[in-house]
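Everything below concerns the one structure shown next.
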Amino acid sequence: MLGRSANGIFWLFRYLERAENTVRLLDAGFRMALTRNSNDASDEWRSVIITLGLQAGFEARFGGEYGGAQVFNYVLRDKENPGSVLRMIEGARTNARMVRTGITREVWQAVNESWMKLRDMLARPVNEVRLGSVLDTVRLQATQVRGAMEGTMLRNEIYNFARLGTFIERADNTARILDVKYYVLLPSLSYVGSSLDNVQWDTVLRSVAGERAYRWLHAGRLDARGIAEFLILDQRFPRSLAFCYNKLRSNLAHLAREYGDKVASHDLLREADARMHAQTIDAIIDQGLHQFIGTFIAGNARLAQQIQRDYRFIE
Amino acid sequence: MTNSSASSYDEMLDTDGGVRAAYAGYAKWLEEQPPNLLRRKGIEAEAFFRRTGITFNVYGNDDAEERLIPFDPVPRIISADQWRKLSRGIDQRVRALNAFLHDLYHRQEIVRSGRLPARLLEGNAAYLAAMAGFTPPGGVYTHIVGIDLVRTGEDDFMVLEDNARTPSGVSYMLENRETMMAMFPELFTRVRVREVSDYPSRLARSLAACAPPAFDGDKPTVAVLTPGIYNSAYFEHAFLADQMGAELVEGSDLRVENGRIAMRTTRGYEPVDVIYRRVDDDYLDPLSFNPDSVLGVAGIMDVYRAGGVTIANAPGTGISDDKAIYSFMPEIVEFYTGEKPLLQNVPTWRCCEADALGYVLDNLAELVVKEVHGSGGYGMLIGPTSSRKEIAAFEAKLRANPDNYIAQPTLALSTVPIFTKAGLAPRHVDLRPFVLVSPNGIDITPGGLTRVALKKGSLVVNSSQGGGTKDSWVLDD
């Protein structure tokens, strides 16, 4: 397999994952905005922009005012936003075209169709009435690509690179949400039994599609420690950091078996894995949640870079 | 010869409106279908093409980066007997082309014998000095040829262009057939049409049979070299690589290593044996040709000449696409095969000759004038459909540089019906069959790409100029 194709597959799935997570974040923000007064709503939109790393670009364009329509249009379709959802879907499709010989016709068609639909939907500004259906479309299309992938792709190195892209991105996105929201969790971590900002917490869970799973596991009891543990350490939840790292481990192991050699990224993964598995949620909180997440995000980025080097994604 | 459709040969209907034998089965089927079937299916087909991404890019058109080539649902049908005759002619022509190219890059017997003027080669950019004295692996120059044929009567097929360089369009031949079979499955149970779908495996076999001397293994590694996703034919490059199970590489994936061309894989650099390049000669090797090229591989020509890699088609084959050289094809065929040419050439005036130029200047309004090195329908004049002003402007260019042009009569190209809002209507077509050459022989896929001018009366079938395509059927006996 060509290194350039591995790179294309990796980024195809990173872009798709990021697009999907971005709309989840918008969805959670939108929900919050509907239930809160305008001050809180604008706070929430601001935190969406910060989580996505778009603060500088957004404020250069709109100043410090975080209006809902401005935020979701900027995030979804603004031409001046290089990280817009539309750009990501375009990026996914460009990469899919590049690696057309590495993916099945069904995967290609699903990606191409996503782009065609989104391009049409985002051709004009989105208002609050249309927002829901735009967000749904992104989620449904991502699901469709995943389904085509699951059902038609050989489980070989190509699949491994696709999965590596997906879980590197997902781990990063979940960690970023925690990084921005940890202050919501923090006060209640230190005061056991304090009154919780349920809506805030609910938003955190919703933005990773985890509200149902969490309620089911915890019998509806919201507690800060529980949520942090759920998002970081719960190996059953497909958007937790631990889950993502299990997947990264198995896909890298598959590559090592197939290629018959070990490379530096395997060591990096083992270290990151050890950091997570040796820990309990209490230990993480004692050391500082913020610091833990910061270390995690940096390590995740290093791992991604090392994978690109080890497998000759670029010269 | 004129431009009027009335005098053109229609392939479906004879002059009395009767259905010709080749179309009998199709016409009978069509009669039994509900009236809006073709329209409905046409809409389905377009959605299908968009979804599968069968598009081409138009240069210099930012707005519509990717466009569809319009597909017409009425097939173009060729009888078994007609195809047999055509195949013999194509086979002869392609044999002659390869012998001619070998001769041009070796002793140039044809020039010595006085049948081809030496001036056609002197200073001709398509003649690559780097190929002189070198014989490509297996002696094959044109691994893939896409001869453009036009028809003017029952038995009158003429070669319009040989396209020995890097012919494109074969993916449309394949996808058009897939589309037709998906849209009208029962039609194919009624009319027996010869298969084209094995073209990619034939191509893979043919290319593998041309492995270079340095290859030692069981199965040569074949790669398709594309300029990248922004090239107008990228879809086809990806499609062929996919169907052949070959790697789709760009120049940046390749480099010279240990006297071989190697591609950067996830496991390190691995040698490539046969490169089916869809990059022009000029861009192939920045060390030998265009130094600014980033599409090729630095040093590939040295590796090639040392037997480390096969390049298909061989560099330098473009010389036979030169339209002045084309005009000598009847002589060329006879010189190398010792046979009378089975396929006719379109009569051609070489504007580099004073008499011919005089005639052309006097008759510009009736002629088609083309650049010697042009292709794709760009830079040409179609006298009968051009305004006085256009003709005058073209005349100035022609007078300034007559060597750069040839002229041909405006042919009464045959017509085949297309589906229009008002029902079936005749439109002019050409045919590009695809021919594979390997040391094992010449392999012609029964079918090809039919391009059709969608505008009434128009003779320009190029997709870059608003032409469409049709599925092309060769009937089984």
Problem - Unmet requirement for B:VAL297, which otherwise passes all of (1) in contact (Cβ under 8 Å) with a residue 40 or more places away in the chain; (2) in a loop (DSSP other than H, G, I, E, B); (3) away from every other protein chain (no Cβ under 14 Å) - result: (3)
Exercise for the section: Would you check if there is a residue in the stretch B:435-452 being touching a Gly at 6+ places or on another chain (Cβ under 6 Å), outside any strand (DSSP E or B) and crowded, with 24+ Cβ neighbours inside 10 Å? Expected result: no
Exercise for the section: Kindly indicate the residue of the stretch B:230-268 that is more than 9 Å from chain A (Cβ to nearest Cβ) and of a type in the set (Val, Ile, Thr) and also nearest to B:PHE49 (Cα to Cα) among those meeting that condition. Expected result: B:ILE261
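What about A:GLY220, is it more than 14 Å from chain B (Cβ to nearest Cβ), at positive phi and either at pLDDT 90 or above or exposed (fewer than 13 other Cβ atoms within 10 Å of the Cβ) (or both)?
yes
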Handout entry: the stretch A:78-101 - residue that is of a type in the set (S, T, N, Q) and within 14 Å of another protein chain (Cβ to nearest Cβ) and, of those, farthest from A:LEU16 (Cα to Cα)
Key = A:THR101
Handout entry: Condition met for A:ARG46 (assigned to a helix (DSSP H, G or I), closer than 17 Å to A:LEU178 by Cα and at pLDDT 95 or above)
Key = no
Handout entry: Number of the exception - A:VAL138 against (1) touching a residue at least 40 places away in the same chain (Cβ under 8 Å); (2) farther than 20 Å from A:GLY102 by Cα; (3) surrounded by fewer than 12 Cβ atoms within 10 Å (Cβ to Cβ)
Key = (3)
Practice task
At least 3 residues that are polar (S, T, N, Q) in each: list the helices (runs of 4 or more DSSP H) lying fully within the stretch A:223-298 that qualify.
Solution key: A:241-259
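Touching a helix residue (DSSP H, G or I) at 6+ places or on another chain (Cβ under 7 Å) and of a type outside the set (Lys, Arg): does that describe B:THR166? I'd like the intermediate steps shown before the answer.
Numbers: touching a helix residue (DSSP H, G or I) at 6+ places or on another chain (Cβ under 7 Å): no; of a type outside the set (Lys, Arg): yes.
No, not satisfied.
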Problem - Odd one out for B:SER197 among (1) out of contact with any Asp or Glu (no Cβ under 7 Å at 6 or more places or on another chain); (2) crowded, with 19+ Cβ neighbours inside 10 Å; (3) more than 9 Å from every other protein chain (Cβ to nearest Cβ); (4) not basic (Lys, Arg) - result: (2)
Practice task
Answer with yes or no whether B:ASP282 is in contact with a Phe, Trp or Tyr (Cβ under 7 Å, 6 or more places away or on another chain), surrounded by fewer than 20 Cβ atoms within 10 Å (Cβ to Cβ) and either closer than 24 Å to B:HIS143 by Cβ or in the same structural domain as B:ALA241 (by TED's automatic domain parsing) (or both).
Solution key: yes
Practice task
Collect the residues in the stretch B:139-165 that are at pLDDT 95 or above, buried (at least 18 other Cβ atoms within 10 Å of the Cβ) and over 22 Å from B:ALA412 (Cα atoms), keeping them in residue-number order.
Solution key: B:VAL140, B:TYR141, B:THR142, B:HIS143, B:ILE144, B:VAL145
Handout entry: Enumeration of residues in the stretch A:119-135 that are within 14 Å of another protein chain (Cβ to nearest Cβ), of a type in the set (A, V, I, L, M, F, W, C) and surrounded by 13 or more Cβ atoms within 10 Å (Cβ to Cβ)
Key = none
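The values are calculated or read from the model by the stated rules, or taken from the named source; none is laboratory data. Since this is a predicted model, take the numbers as computed values, not measurements. Quick reminder, even Gly has a Cβ in these numbers, built from the backbone with ideal geometry, and neighbours come from all protein chains shown.
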